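**Student:** Right, I'll just put the structure down here and ask away after.
The values are calculated or read from the model by the stated rules, or taken from the named source; none is laboratory data. Predicted, not measured: the structure shown is a model, and the values here were computed from it. As a convention, Cβ positions derive from the backbone with ideal geometry for all residues, glycine included, and neighbour counts pool all protein chains shown. Side chains included, ligands, DNA and RNA excluded: accessible areas come from the protein's heavy atoms. Shrake-Rupley method; radii C 1.70, N 1.55, O 1.52, S 1.80 Å.
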Amino acid sequence: MSEEYLVNIEHEKLSFFTPAGEVKALNDVNIHLRQGEVLGIVGESGSGKSVTAYSLIGLTADPGKLISGSLYFNGHQVDQMTEKEMRKIRGNEISIIFQDPMTSLNPVYTIGNQITEVITLHTNKTKEEAKARAKELLELVGINEPEKRLKQYPHELSGGMRQRIMIAIALACEPKLLIADEPTTALDVTIQAQILELMMELKDKLGMSIIMITHDLGVVASMCDHIAVMYAGRIVEYGTTDQVFYEPKHMYTKGLIRSIPRLDTDEHQRLIPIEGTPVDMLNPPKGCPFGPRCEACMKICLKQNPPITEFDDTHYTYCWLQQKEAMERLAADSSAKSSGGGEA
Amino acid sequence: MTEKNEDFIVVEHLKQYFPAGGHGKNKKYVQAVDDVSFTIKKGETLGLVGESGCGKTTTGRSLLRLYEPTGGRFVFDGDVIFDVEKKEYANMLPYRKRMQIVFQDPYASLDPRMTVGDIVGEAIDTHHLAKNDKERYDMIIELLRKVGLNSEHANRYPHEFSGGQRQRVGIARALAVNPDFIVCDEPISALDVSIQAQVINMFEDLQRDLGLTYLFIAHDLSVVKHISDRIGVMYLGRMVELAPANELTNTPLHPYTESLISAIPVADPIKARTNKRIVLEGDVPSPVNPPSGCRFRTRCSRATEKCAQSAPEFKELVPGHFVACHHVTLEEAQKKLAKND
């Protein structure tokens, strides 16, 4: 089963052992991603979106510890790999674009240096060949005068330009999987549009998969095939983009979609916020982590974490409400085939 | 004095330059804000959008005299706050009670060594608004209640609060002096999505209850549209378009506003697939050395010779709709407006 997926994360539990106590960063996370697909992971800060992706390339070492579960990439079990084996994959088959292009480039090396480093490290190319490849890459990401740029330092470039360099570095070895961790959050909208367009173009050209980590629902709506909504270290809802946007099942997903102001309506509707404050990961609430903020919270939600409810092959959620509804619907269906299901 | 009833806030030809190295003749300036004019009525919200470095924050700060303005005139409720030409500058202390600001970063704008009560109470002390300690305490608690916090919070320190709660403290601090006018400088961009709506609603409630006038600065056009009556769009220190919120988002006239709106990712998969983005080429030029003429011309698809030679005038093309572009004509504007009506 792990063969058909490029990325297959099963029941991953990961904790950080901090001086203040154990932070259960990931709780039973499952992710399946095929070649060429784009998966969006959305959620607020601290929900575990980055950790999920980082654990795949072994960037959660030290205070972080994998408690249980298994992580497969391209058929190989990543969590059993030694650091040496990991280094062969990292930057080569899986690469990553970080959020902040201002801080993720080394300020004392030239752009050329930083791109060729990746190429010489992972391939047998000579310095000259690597340089030629670096130039090619800069052209690929739409940077003018690549010759000149290779000799420049990061501070000489604008934010959008730096993010393009990051993408060029990430693509240097034609990875099978690109992890984009809030790649456009630090950028302006018009530059964001350029970068997103570029990423989609390159995805089609190179046939890679993308894991897109973001808190911007607009970004996932336009780019992703599947969406995982995370809250307090759990995937609370998973489905295709259309399913998550048009048939959201989890109360948190519904709340998120309702709470964003829309550009396409003229009437002034009051926003419906999600009340309460984000979860304190050191002392997460008992039961469903979203329970204390949920408007439809029931007694059981504060006692026990809900089991999975699957709607079809691609769409599932963890919500007691869906359990109850599912049961009610079954009962109603069996007794008399009357009205169709309608949601509140 | 006629201005008093009509426009609460009148800003004319505001200029704010910052020195950027060089000496004598070669002295360079960052032209952060260059010739920006607008008005705000009492109880109205004017939204200001634009990309980083376009001068929206600087505009807000210059009005509060957090910088010394390089040029222009600012009339607040009929009183001249500054008029650089005539060298008139008002004593700010009494006006600080009427104009306040909420800063962008709730993590950096609260003193970590002061309790929340003292942060909110500082303004009460400065302006001697309370007669005794009891009254001061009551005022602080009342303010915290207004922003959805409670009395226990007064003795805590900022680090004990979440981002959304800190921003509430920042708002309570601004409200402490009972202001009429608040500059909201990206007050929600550092907050999580689920928290943003709470804070936006609070801004709206406070405006309704206290009759506040806002200058709401943000880079997120959807948020600005939601909260504003009118919106101004800035690019590289200049105002390029200003119109009622719905009209601006439905019928943008300036090419920059058009591309800005089309670049915003829509949180609706079907619309997102069909939407055609106008992707702007290149980056924003440096404000130290802005392009001649129209500042947008280096990235504009309609740019011609004329755009390089002279800067377009910021004029009211259709009633209430201001644009600064050589190519947008009255006929074109009317046609577009009629189509989207």
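**Student:** Which members of the stretch B:212-239 meet the condition of being under 16 Å from B:S52 (Cβ atoms) and in a strand (DSSP E or B)?
**Tutor:** Result: B:I217, B:V233, B:M234, B:Y235, B:R238.
**Student:** Same structure again: Restricting the search to the stretch B:301-313, which residues are assigned to a loop (DSSP other than H, G, I, E, B) and surrounded by fewer than 20 Cβ atoms within 10 Å (Cβ to Cβ)? If you could, list the steps in order and put the result at the bottom.
**Tutor:** At the first step, the residues of the stretch B:301-313 found to be assigned to a loop (DSSP other than H, G, I, E, B) are B:301-304, B:310-313.
The answer is B:S301, B:R302, B:A303, B:T304, B:S310, B:A311, B:E313.
**Student:** Out of everything in the stretch B:125-164 that is in contact with a Ser or Thr (Cβ under 7 Å, 6 or more places away or on another chain) and polar (S, T, N, Q), what residue ends up being most open to solvent (accessible area, probe 1.4 Å)?
**Tutor:** B:N155
**Student:** Assuming A:M166 fulfils every condition listed in (1) free of Cβ contacts under 8 Å to residues at least 12 places away in the same chain; (2) among the aliphatic types (A, V, I, L, M); (3) more than 26 Å from B:A218 (Cα to Cα) apart from one, which condition is it?
**Tutor:** Only one criterion is unmet by A:M166, namely (1).
**Student:** Just checking, how many residues over the stretch B:203-229 are over 13 Å from the mean Cα position of the chain (by Cα) and facing another protein chain (nearest Cβ under 9 Å)?
**Tutor:** Matching residues across the stretch B:203-229 total 3.
**Student:** Can you tell me which of (1) within 10 Å of chain B (Cβ to nearest Cβ); (2) buried (at least 18 other Cβ atoms within 10 Å of the Cβ); (3) of a type in the set (K, R) is the one A:R270 doesn't meet?
**Tutor:** Among (1) within 10 Å of chain B (Cβ to nearest Cβ); (2) buried (at least 18 other Cβ atoms within 10 Å of the Cβ); (3) of a type in the set (K, R), the lone unmet condition for A:R270 is (2).
**Student:** Does the stretch A:70-82 contain at least one residue that is open to solvent by less than 60 Å² (accessible area, probe 1.4 Å), touching a residue at least 24 places away in the same chain (Cβ under 8 Å) and in contact with a Pro (Cβ under 9 Å, 6 or more places away or on another chain)?
**Tutor:** No: the stretch A:70-82 contains no residue that is open to solvent by less than 60 Å² (accessible area, probe 1.4 Å), touching a residue at least 24 places away in the same chain (Cβ under 8 Å) and in contact with a Pro (Cβ under 9 Å, 6 or more places away or on another chain).
**Student:** Can you work out which of the residues in the stretch B:274-288 that are more than 8 Å from every other protein chain (Cβ to nearest Cβ) and touching a residue at least 60 places away in the same chain (Cβ under 8 Å) is least open to solvent (accessible area, probe 1.4 Å)?
**Tutor:** Once the filter is applied, the top-ranked residue is B:P287.
**Student:** Is at least one residue of the stretch A:277-298 among the basic types (K, R), exposed (fewer than 14 other Cβ atoms within 10 Å of the Cβ) and facing another protein chain (nearest Cβ under 9 Å)? Walk me through it before giving the result.
**Tutor:** From the stretch A:277-298, those among the basic types (K, R) are A:286, A:293; that's our starting set.
Subset that is exposed (fewer than 14 other Cβ atoms within 10 Å of the Cβ): A:286.
Retained after the next criterion (residues that are facing another protein chain (nearest Cβ under 9 Å)): none.
No, because not a single residue in the stretch A:277-298 is among the basic types (K, R), exposed (fewer than 14 other Cβ atoms within 10 Å of the Cβ) and facing another protein chain (nearest Cβ under 9 Å).
**Student:** Filter the stretch B:314-331 down to the residues that are part of a loop (DSSP other than H, G, I, E, B), farther than 18 Å from B:G293 by Cβ and in contact (Cβ under 8 Å) with a residue 24 or more places away in the chain and list them by number.
**Tutor:** B:G320
**Student:** Kindly evaluate B:V233 against the criterion of being surrounded by 23 or more Cβ atoms within 10 Å (Cβ to Cβ), modelled with pLDDT of 90 or more and within 12 Å of the chain's Cα centre (by Cα).
**Tutor:** For B:V233, the condition - surrounded by 23 or more Cβ atoms within 10 Å (Cβ to Cβ), modelled with pLDDT of 90 or more and within 12 Å of the chain's Cα centre (by Cα) - is met.
Quick grid of which residues meet (1) modelled with pLDDT under 90; (2) within 11 Å of another protein chain (Cβ to nearest Cβ):
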{"position": "A:K131", "(1), (2)": "no, no"}
{"position": "A:E136", "(1), (2)": "yes, no"}
{"position": "A:L157", "(1), (2)": "yes, yes"}
{"position": "A:I165", "(1), (2)": "no, no"}
{"position": "A:D181", "(1), (2)": "no, no"}
{"position": "A:T184", "(1), (2)": "yes, yes"}
{"position": "A:M199", "(1), (2)": "yes, no"}
{"position": "A:L202", "(1), (2)": "yes, no"}
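**Student:** Mind listing whichever residues of the stretch A:15-59 are touching a Lys or Arg at 6+ places or on another chain (Cβ under 8 Å), assigned to a strand (DSSP E or B) and of a type in the set (G, A, S)?
**Tutor:** Of everything in the stretch A:15-59, just one residue is touching a Lys or Arg at 6+ places or on another chain (Cβ under 8 Å), assigned to a strand (DSSP E or B) and of a type in the set (G, A, S), namely A:S15.
**Student:** Just to be sure, is B:K271 surrounded by fewer than 17 Cβ atoms within 10 Å (Cβ to Cβ) and either under 20 Å from B:S52 (Cα atoms) or within 11 Å of another protein chain (Cβ to nearest Cβ) (or both)?
**Tutor:** On the way: surrounded by fewer than 17 Cβ atoms within 10 Å (Cβ to Cβ): yes; either under 20 Å from B:S52 (Cα atoms) or within 11 Å of another protein chain (Cβ to nearest Cβ) (or both): yes.
For B:K271, the condition - surrounded by fewer than 17 Cβ atoms within 10 Å (Cβ to Cβ) and either under 20 Å from B:S52 (Cα atoms) or within 11 Å of another protein chain (Cβ to nearest Cβ) (or both) - is met.
So that you can scan it fast, the table gives a plain yes or no per residue for (1) polar (S, T, N, Q); (2) at pLDDT below 90:
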position	(1), (2)
B:P94	no, no
B:R98	no, no
B:D105	no, yes
B:T115	yes, no
B:A123	no, no
B:H128	no, no
B:Y157	no, no
B:E160	no, yes
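**Student:** Sticking with this structure for a sec: Across the stretch B:165-195, what is the number of residues that are closer than 29 Å to B:G50 by Cα, more than 14 Å from chain A (Cβ to nearest Cβ) and open to solvent by 40 Å² or more (accessible area, probe 1.4 Å)?
**Tutor:** Residues meeting the conditions: 1.
**Student:** Out of the stretch A:6-22, which residues are at pLDDT 90 or above and touching a Leu at 6+ places or on another chain (Cβ under 7 Å)?
**Tutor:** A:L6, A:V7, A:I9, A:E12, A:K13, A:L14
**Student:** Conditions first: (1) open to solvent by 10 Å² or more (accessible area, probe 1.4 Å); (2) out of contact with any Asp or Glu (no Cβ under 8 Å at 6 or more places or on another chain); (3) within 12 Å of chain A (Cβ to nearest Cβ). B:I200 passes all but one, so which condition is the exception?
**Tutor:** Unmet condition: (1).
**Student:** Which of the residues belonging to the stretch A:79-90 are part of a loop (DSSP other than H, G, I, E, B) and either within 16 Å of A:S209 (Cβ to Cβ) or among the aliphatic types (A, V, I, L, M) (or both)?
**Tutor:** Step one: filter the stretch A:79-90 for residues part of a loop (DSSP other than H, G, I, E, B), giving A:81-82.
Passing the criteria: only A:M81.
**Student:** A follow-up question, please. When the stretch A:135-169 is examined, which residues are found to be open to solvent by 20 Å² or more (accessible area, probe 1.4 Å), of a type outside the set (D, E, K, R) and outside any helix (DSSP H, G or I)? Quick ask: steps written out before the conclusion?
**Tutor:** Kept after step one, since they are open to solvent by 20 Å² or more (accessible area, probe 1.4 Å), are these residues of the stretch A:135-169: A:135-136, A:139-140, A:142, A:144-145, A:147-149, A:151-153, A:155-156, A:158, A:161-162, A:164, A:169.
Now narrow it down to the ones that are of a type outside the set (D, E, K, R): A:140, A:142, A:144, A:152-153, A:155, A:158, A:161, A:169.
A:G142, A:N144, A:Q152, A:Y153, A:S158, listed by residue number.
**Student:** Turning to a different aspect of this structure: Going by the conditions given, is B:I261 facing another protein chain (nearest Cβ under 8 Å), part of a helix (DSSP H, G or I) and either without any contact (Cβ under 8 Å) to a residue 40 or more places away in the chain or buried (at least 23 other Cβ atoms within 10 Å of the Cβ) (or both)? Reasoning before the result, please.
**Tutor:** On the way: facing another protein chain (nearest Cβ under 8 Å): yes; part of a helix (DSSP H, G or I): yes; either without any contact (Cβ under 8 Å) to a residue 40 or more places away in the chain or buried (at least 23 other Cβ atoms within 10 Å of the Cβ) (or both): no.
Here the answer is no, as B:I261 does not meet what is asked.
**Student:** Go through the stretch A:25-34 residue by residue and tally those that are crowded, with 19+ Cβ neighbours inside 10 Å and either free of Cβ contacts under 8 Å to residues at least 60 places away in the same chain or not hydrophobic (A, V, I, L, M, F, W, C) (or both). Reasoning before the result, please.
**Tutor:** Taking the stretch A:25-34 as the starting set, the residues that turn out to be crowded, with 19+ Cβ neighbours inside 10 Å are A:25-27, A:29, A:31-33.
From what's left, either free of Cβ contacts under 8 Å to residues at least 60 places away in the same chain or not hydrophobic (A, V, I, L, M, F, W, C) (or both): A:27, A:32.
Number of matching residues: 2.
**Student:** Still on this structure, I have one more. Would you check which residues across the stretch B:94-119 are assigned to a helix (DSSP H, G or I) and touching a residue at least 12 places away in the same chain (Cβ under 8 Å) and list them?
**Tutor:** Quick first cut of the stretch B:94-119, residues assigned to a helix (DSSP H, G or I) only: B:94-96, B:116-119.
Once the filter is applied, which keeps residues that are assigned to a helix (DSSP H, G or I) and touching a residue at least 12 places away in the same chain (Cβ under 8 Å), the stretch B:94-119 yields B:Y95, B:R96, B:V116, B:G117, B:I119.
Residue-wise test of (1) aliphatic (A, V, I, L, M); (2) at positive phi; (3) open to solvent by 30 Å² or more (accessible area, probe 1.4 Å).
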site	(1), (2), (3)
A:A20	yes, no, yes
A:G36	no, yes, no
A:G40	no, no, no
A:G46	no, yes, yes
A:T52	no, no, no
A:S55	no, no, no
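**Student:** Any idea which residue in the stretch A:244-267 is most open to solvent (accessible area, probe 1.4 Å), counting only those that are more than 11 Å from every other protein chain (Cβ to nearest Cβ) and part of a loop (DSSP other than H, G, I, E, B)?
**Tutor:** A:E247
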